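Participant: Let me give you the structure first, and then I'll get to my questions.
The values are calculated or read from the model by the stated rules, or taken from the named source; none is laboratory data. Worth saying up front: this structure is predicted, and the values here are computed from it rather than measured. Counting neighbours? That spans all protein chains shown, and the Cβs are built from the backbone with ideal geometry, glycine included. Areas reflect the complete protein model, heavy atoms only, side chains present, ligands, DNA and RNA absent. Shrake-Rupley method; radii C 1.70, N 1.55, O 1.52, S 1.80 Å.
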Amino acid sequence: MYTNGEGTRNTIHLKEGQKTVTLVVPRDSLTVFCAYPLSFLHPYGGFYHPGETTSVTLTQEQGELAKLLLDSYQFNPEAVEHINATYLAEEVGDASLLDGNALVVSLLNGEGIPPDLQYYEKLEVIVRDIPSGYWVPERISQQPFWNRWGEELTLELEGGLQRFLNREDSLCLSLYTDLKDGSYMSSLSKAPLW
């Protein structure tokens, strides 16, 4: 998904194994890119600024910020198109640890980065009673872990949905953390058929 310079977002789907795509984008405004592996996993993001190189590499580190800008594009396309996303990414850092709504409202109102932007600490989550096995995280900022039945495990998580896959047992542990409230929810389900 990406901004098209006309106030709407364009969506394309890549075929299995396809890692690159060639697109025509506006030459006079920021283009925000956001890719969701398998259409729903944690986003990879990137930005094209006018006059820069013609190649954009998408990363998970920029995924959350790209998602915020892409989601807010429909409300004020002109404001998003004139943001210096490289500077914004350097200034705000990890967008999964900040109050994204306050940032977006300030940016869309033309006020820039709010001086009192709220950052949150990672949430410490204690996981109990999950099946034994090796659990691999969806986000590259998380570490995989081994677990034995009945063990208690402590994870430090960013905000939003985070999933861990136990491939041997085809299980998916989903944890949704709300950093503002300091709360979380968890669920264990069958892994998707990837």
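Participant: What accessible area per residue comes out for region 2-109, rounded to a whole number of Å², with a 1.4 Å probe?
Facilitator: With all protein chains present, region 2-109 gives 57 Å² per residue.
Participant: Pairs to check: 19/122; 19/190; 67/122. Give those whose C-alpha atoms are more than 23 Å from each other in this structure.
Facilitator: Long pairs (Cα-Cα over 23 Å): 19/122; 19/190.
Participant: Let me ask something additional. On the accessible surface of region 123-190, probed at 1.4 Å, how many percent belong to carbon and sulfur atoms?
Facilitator: 49
Participant: Show me the GluC sites (Glu not before Pro) within region 24-87 that DSSP assigns to loop and that have at most 11 other Cβ atoms within 10 Å of their Cβ.
Facilitator: Those satisfying the criteria are 52.
Participant: Given a Förster radius of 35 Å and the C-beta distance between residue 9 and residue 145 as r, what FRET efficiency does 1/(1 + (r/R0)^6) yield to the nearest 0.05?
Facilitator: 0.45
Participant: Please list, by residue number, everything in region 122-141 whose backbone N is under 13 Å from a paramagnetic label point 7 Å out along Cα→Cβ of residue 38.
Facilitator: Backbone N within reach: 136-139.
Participant: How much length is gained if the chain between residue 21 and residue 156 is pulled fully straight, taking 0.36 nm per residue apart and subtracting their Cα-Cα distance, in nm to one decimal?
Facilitator: 45.1 nm
Participant: Here is a follow-up. Find the centroid of the Cα atoms in region 125-156 and in region 1-78, then give the distance between the two in whole Å.
Facilitator: Each part reduced to its Cα centre gives a spacing of 32 Å.
Participant: For region 58-140, which trypsin sites (Lys or Arg not before Pro) are both in a DSSP coil and crowded by at most 12 other Cβ atoms within 10 Å?
Facilitator: 128
Participant: Between residue 75 and residue 136, what is the spin-label point distance in nm, taking each point 7 Å from the Cα along the Cα→C-beta axis?
Facilitator: 3.7
Participant: How big is the C-alpha Rg of region 123-190 next to the rule-of-thumb value 2.2 N^0.38 Å, as a ratio?
Facilitator: 1.03
Participant: What is the percent carbon and sulfur in the accessible area of region 2-109, measuring with a 1.4 Å probe over the protein chains and ignoring ligands?
Facilitator: The value for region 2-109 is 49 percent carbon and sulfur by accessible area.
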